[in-house]
Amino acid sequence: MPSNEIITPDSPQLGELCAQLNELAKFLPTAQDWPHEQLQICARMGVFRWFVAQEDGGYGWSPEDVVRGYLELSAACLTTTFIITQRTGACRRIASSDNNGLKRMLLPDLLTGETFATVGISHLTTSRQHLGKPALLATEVEDGYVLDGMSPWVTGAKSADTLVVGAAMEDGRQLLMAIPARGIGIEIGEPAELVALSASQTGPVSFDQAFCPAEWVLSGPSENVMKKGKGANTGGLETSTLAVGLSTAAYRYLVEQQVKRSEFAQPTQHFEVELEQLKQDLLAAAGGDPECDPLQIRSRANSLVLRITQAALSSAKGAGYIEGHPVGRWCREALFFLVWSCPSNVLSANLCELARIEG
Ligand SMILES: Cc1cc2nc3c(=O)[nH]c(=O)nc-3n(C[C@H](O)[C@H](O)[C@H](O)COP(=O)(O)OP(=O)(O)OC[C@H]3O[C@@H](n4cnc5c(N)ncnc54)[C@H](O)[C@@H]3O)c2cc1C
């Protein structure tokens, strides 16, 4: 780990990295695209080590520095940054597991970027909860488990070497496993064309009598396996941070415009105050300040990202409505925060905010 390659949240290299990501962001319009080059640059610059503790081979950035880093990355390219969150979710679940054999086997190559892992866990938390039966069923057999069913949303599954997937047993207990993404009765479905972020190559992964030896278990079987360990939690600060990062991109655009058009000055100043306050509260919440409620921050971040991206579109006028202009993409990307990692309290807060009623 040569020290001259280590980026800190304040170092100029972070700005240089983000400038490259920003430049490449326009080349990711469809589900046939994948930010391979962007992820390679991030790997080279040590980004994948930010999120993992030093004793596990990472840089062990503080939660506040992780927020600072994610804010800049997501202002540059939301698709790449979102993929990094899913990758990080998998890495953190592996790093925080008691399964030292898997940790030793998987983490080193994940941290260098040699390999890619992602998560398929939302069917334990925010997806398919109303159906009353497990989307992915785990049945205990000799020496392991057999998985049947599907993980409906898996970002980057086609590029993954390892999938960190959640499954539920008939008795309601849940398991988290790190499994190889090929062979063993797994079928990776075609990624969906989405309203935005199509190049995250998100799609279903199906399991047909897939045998997983007990050595692949990261956690469980137990109740609420997602509540244990760290990484990829729902409705958390990570989601809000990316919404604030995208808001920052739209804010910077408004600032550029107001130089030429003084009528934008007042609304832009209002947005600046709101954005700065939200960033301070995000950082305080990341630092553990109990006064800063993550749900309230999520709700404010969702509200801001929808309004400020649309303000940027208004300022760009018809030119911004033409396919390929960044403000149109930002408006579509902002809608993602209405559906990504929304447990019922976040969903209710979204609907109340849109209906302009007190939640
Ligand atoms: C681009 C993208 C990338 C993602 N990447 C990942 C990933 O990498 N890993 C991961 O684990 N997850 C991922 N997710 C999943 C995400 O975090 C949420 O879990 C997901 O968006 C929830 O949507 P759903 O349609 O599955 O929800 P569901 O709740 O299953 O809803 C499905 C349908 O059922 C309806 N419905 C819901 N509840 C009820 C009810 N009570 N009665 C009647 N109808 C109901 C809904 O209105 C909806 O039309 C991703 C999602 C997106 C959009």
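None of the figures in this text is laboratory data; all of them are computed from the coordinates on show. Model, not experiment: these values are computed from the prediction. Note that we place each Cβ from the backbone using ideal geometry, even for glycine, and neighbour counts take in every protein chain shown.
Summary table below
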| quantity | calculated |
| --- | --- |
| Mean separation of Cα contacts under 8 Å, 6 or more apart, over the residue count of the stretch 150-234: relative contact order % | 36 |
| Dipole in debye (nearest 20) - the stretch 120-178, about Cα centre, beta carbon charges: Lys, Arg +1; Asp, Glu -1 | 400 |
| Dipole magnitude of the stretch 118-225 about its Cα centre (Cβ charges: Lys, Arg +1; Asp, Glu -1), debye to nearest 20 | 380 |
| Relative pair counts by distance (%), Cα atoms of the stretch 3-112, 5 Å bins | 2, 12, 23, 24, 18, 12, 7, 2, 0 |
| Residues of the stretch 288-311 with amide N under 16 Å of a point placed 7 Å along Cα→Cβ from ARG261 | 308-311 |
| All-pairs Cα distance distribution in the stretch 85-139, expressed in whole percent, bin size 5 Å | 4, 17, 22, 18, 16, 13, 7, 2, 0 |
| Calculated [θ] (222 nm, deg cm²/dmol) that DSSP helices of n ≥ 4 give over the chain, each run adding -39,500 (n - 2.57) | -15000 deg cm²/dmol |
| Restraint check, LYS158/LYS279; LYS158/LYS317; LYS133/LYS227; LYS103/LYS228; LYS103/LYS133, Cα-Cα greater than 26 Å | LYS158/LYS279; LYS158/LYS317; LYS103/LYS133 |
| Estimated D of the stretch 1-67 in µm² per second, where Rh is the Kirkwood radius over Cα pairs and Stokes-Einstein applies at 20 °C, 1.002 mPa s | 164 |
| Whether the stretch 279-333 is rounded, prolate or oblate, judged on the alpha carbon gyration tensor where a/c under 1.5 counts as rounded | prolate |
| Dipole magnitude of the chain, debye to nearest 20 (Cβ charges: Lys/Arg +1, Asp/Glu -1, about Cα centre) | 680 |
| Positive-end residue, the chain charge dipole about Cα centroid, Cβ charges, pick of LEU136, THR85, ALA167 | THR85 |
| Axial C-alpha extent at least 24 Å, average Kyte-Doolittle at least -0.5 - helices from the chain (DSSP) | 78-95, 237-260, 265-286, 294-320 |
| Radius of gyration and maximum dimension Dmax of the stretch 237-353, Cα, Å | 14.5, 44 |
| Anisotropy class of the stretch 62-158 from Cα gyration tensor, a/c 1.5 cut | oblate |
| Amide H contacts under 5 Å for TRP50, placed H, 5+ residues apart | TYR59 |
| Proportion of all alpha-carbon pairs of the stretch 82-226 beyond 22 Å (%) | 33 |
| Orientation-averaged projected area, Cα convex hull of the chain (nm²) | 18.3 |
| Selected from ILE121, TRP216, GLY101, residue furthest toward positive end of dipole (the chain; charges at beta carbon) | ILE121 |
